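As structure tokens, the structure follows; a few thoughts come after it.
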Amino acid sequence: MRIFDPHIHMTSRTTDDYGRMAAAGVRAVVEPAFWLGQPRTNPGSFTDYFDSLLGWEPFRAAQFGIRHHATIALNPKEANDPRCRPVLDLIPRYLDKDTVVAVGEIGYDAMTPEEDEAFAVQLALAVDHELPALVHTPHRDKAQGVKRTLDVVRESGIHPGRVVVDHLNEVTVGDVHDTGCWMGFSIYPDTKMSPPRMVEILRSHGLDRMLVNSAADWGRSDPLLTRRTGEAMLAAGFSDDDVDRVLWRNPVEFYGQSGRLDVSETGDTGPLFEGSSILRGGS
Amino acid sequence: MDQNPWLTDAVARVADSPPAIVRLFAAAGRHTRPEEDGRTRLLLALPPETVPYWVDDLYRHGDAGEKLAILTALPALPLGAEAVPLLHDALRTNDTRLITAALGPYARHLDQHAWRHAVLKCVFIGVPLEKIDDLDRRADRELAAMVSALRAEREAAGRRLPDDARRLLDRIP
């Protein structure tokens, strides 16, 4: 089973996790820029984070044969802090980078006017830079949040096929399905979505435009739940090809729209692989 | 001579307007093949007096691929010692690609203290020493003492120094 996790915050995961993910079949990941748990207070805090997503993290992933790409944005939660908003002026330069495959995570947290503005500005950046957009949906008041999200996406003029609306569930999937946007599901140990529920959604809504991710981060989460979902699909009678489509070909198709996705094998790292201080246990 | 129209056009645009290099340098990774040395060609298209400024700017704002391209291009560029701070930055990382690239011919501008520590770091994290430019001429007794001390630590822990580091010790008089 080859797996592309289209949304995972590896910055918050251990190097052991990379090893477990590689052993489970994960060969590519996309790490969206988001909140780190502790609120940031200035633009420099973002740029060091973005640099890590385009520097150290892909290097760390490559030690395990995993391709790492990123999405870059000011996230909705921190869009509300006026001290952080100047980072919006720094983001365009990041959107030209080779491993940036979308603008994200953008969208709503508490649905404030500040979030409205940051969301609209960054959808326009996605259009300008010919990048897809990864849209986070709020965990509170989600149904309303999704409706408002879809309105903003429509008004922005971005092609719906270049947008994924993430963190969906049984209640919100239908609205997104009808718009032509891609549908993202974050499989979590206790909350958002579980493998058996995901299988039921795939049964009722089909496999088109479906993206399954672990969204693993610094909270209670599990980077192997993509694999568990693939296994649940097989147990429920889906074919190997169906699993490959959901866990590999769909994310390749979505992020491939950036023109920058590279999912070739990382095998040519040569001495880097052997010589890595990571594999050598930080010798 | 150019097989790549994107690169031909990009080189012309940079020569005409140096700030154009910001977006073109970032995009060159996906529009050129590695053997075309696209990023080096863009840097060489800059008016020589602007090279120190742009090398610093592009490195500071670069992703890992851009940083690597700058470090690799340094020996070919019209520069004195202005770019040494970039070597220090690269040598602070644990990215073996950047560390290796920082120890090319341009590292002649690194002072001996920094250079010795860089070589020791290579031994420590397993970068092959054959990648270090001018190693045999520059290796001195102080470096030998540092590598020997590392060997003592490793052996006390029941571990071995990499073979290339052992051979280096044998070569230093």
Any residue that is open to solvent by 20 Å² or more (accessible area, probe 1.4 Å), within 25 Å of A:PRO160 (Cα to Cα), under 18 Å from the mean Cα position of the chain (by Cα) and not basic (Lys, Arg) - is there at least one of those in the range A:62-83? no
Answer yes or no: is there a residue in the range A:69-90 that is closer than 20 Å to A:PHE4 by Cα, β-branched (Val, Ile, Thr) and more than 10 Å from every other protein chain (Cβ to nearest Cβ). yes
Among the candidates B:LEU87, B:LEU79, residue that is among the aliphatic types (A, V, I, L, M) and not in a helix (DSSP H, G or I): B:LEU79
How many residues are open to solvent by less than 60 Å² (accessible area, probe 1.4 Å), of a type outside the set (D, E, K, R) and under 13 Å from A:ASP98 (Cβ atoms) if we restrict to the range B:1-40? 8
Can you find even one residue in the range A:165-181 that is within 24 Å of A:THR14 (Cα to Cα) and among the polar types (S, T, N, Q)? no
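Could you tell me whether B:ASP89 is within 14 Å of chain A (Cβ to nearest Cβ), open to solvent by less than 30 Å² (accessible area, probe 1.4 Å) and in contact (Cβ under 8 Å) with a residue 24 or more places away in the chain? If you could, list the steps in order and put the result at the bottom.
On the way: within 14 Å of chain A (Cβ to nearest Cβ): yes; open to solvent by less than 30 Å² (accessible area, probe 1.4 Å): no; in contact (Cβ under 8 Å) with a residue 24 or more places away in the chain: yes.
Spelling it out, it is not the case that B:ASP89 is within 14 Å of chain A (Cβ to nearest Cβ), open to solvent by less than 30 Å² (accessible area, probe 1.4 Å) and in contact (Cβ under 8 Å) with a residue 24 or more places away in the chain.
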I need every pair where a residue in the range B:114-138 that is facing chain A (nearest Cβ under 9 Å) has its Cβ under 6 Å from the Cβ of a residue that is of a type in the set (Val, Ile, Thr), sequence separation at least 6 or different chains. B:VAL127/B:THR96; B:VAL127/B:ILE99; B:VAL127/B:THR100; B:LYS131/B:THR100
Looking only at the range B:67-79, filter to residues that are crowded, with 23+ Cβ neighbours inside 10 Å and in contact with a Phe, Trp or Tyr (Cβ under 7 Å, 6 or more places away or on another chain); which one of those is nearest to the other protein chains (Cβ to nearest Cβ)? B:LYS67
For the range A:96-111, give me each residue that is more than 18 Å from A:LEU261 (Cα to Cα) and open to solvent by 30 Å² or more (accessible area, probe 1.4 Å). A:ALA110, A:MET111
Here the qualifying pairs (Cβ atoms under 7 Å; residues six or more apart or on different chains; first in the range B:42-61 and among the small types (Gly, Ala, Ser); second modelled with pLDDT of 95 or more and part of a helix (DSSP H, G or I)) come out as B:ALA45/B:VAL11; B:ALA45/B:VAL14; B:ALA45/B:ALA15
Only unsatisfied item for A:TRP35, checking (1) surrounded by fewer than 22 Cβ atoms within 10 Å (Cβ to Cβ); (2) of a type in the set (Phe, Trp, Tyr); (3) closer than 26 Å to A:ALA232 by Cβ, is (3)
Using the structure shown, decide if B:ARG108 is away from every other protein chain (no Cβ under 14 Å) and basic (Lys, Arg). yes
Within the range B:122-166, tally of residues that are closer than 14 Å to B:THR100 by Cβ and part of a helix (DSSP H, G or I): 9
Among the residues of the range A:1-57, write down those that are touching a Lys or Arg at 6+ places or on another chain (Cβ under 7 Å) and not hydrophobic (A, V, I, L, M, F, W, C). A:ARG2, A:THR15, A:TYR18, A:GLY25, A:ARG27, A:THR41, A:ASN42
Those residues that are part of a loop (DSSP other than H, G, I, E, B) and not β-branched (Val, Ile, Thr), I need them from the range A:93-116; list them, please. A:LEU95, A:ASP96, A:LYS97, A:ASP98, A:TYR108, A:ASP109, A:ALA110, A:MET111
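The values are calculated or read from the model by the stated rules, or taken from the named source; none is laboratory data. Here the structure is a predicted model, which is why all the values come from computation and not from measurement. As a convention, Cβ positions derive from the backbone with ideal geometry for all residues, glycine included, and neighbour counts pool all protein chains shown. Heads up: the accessible areas ignore ligands, DNA and RNA and are worked out on the full protein's heavy atoms, side chains in. Shrake-Rupley method; radii C 1.70, N 1.55, O 1.52, S 1.80 Å.
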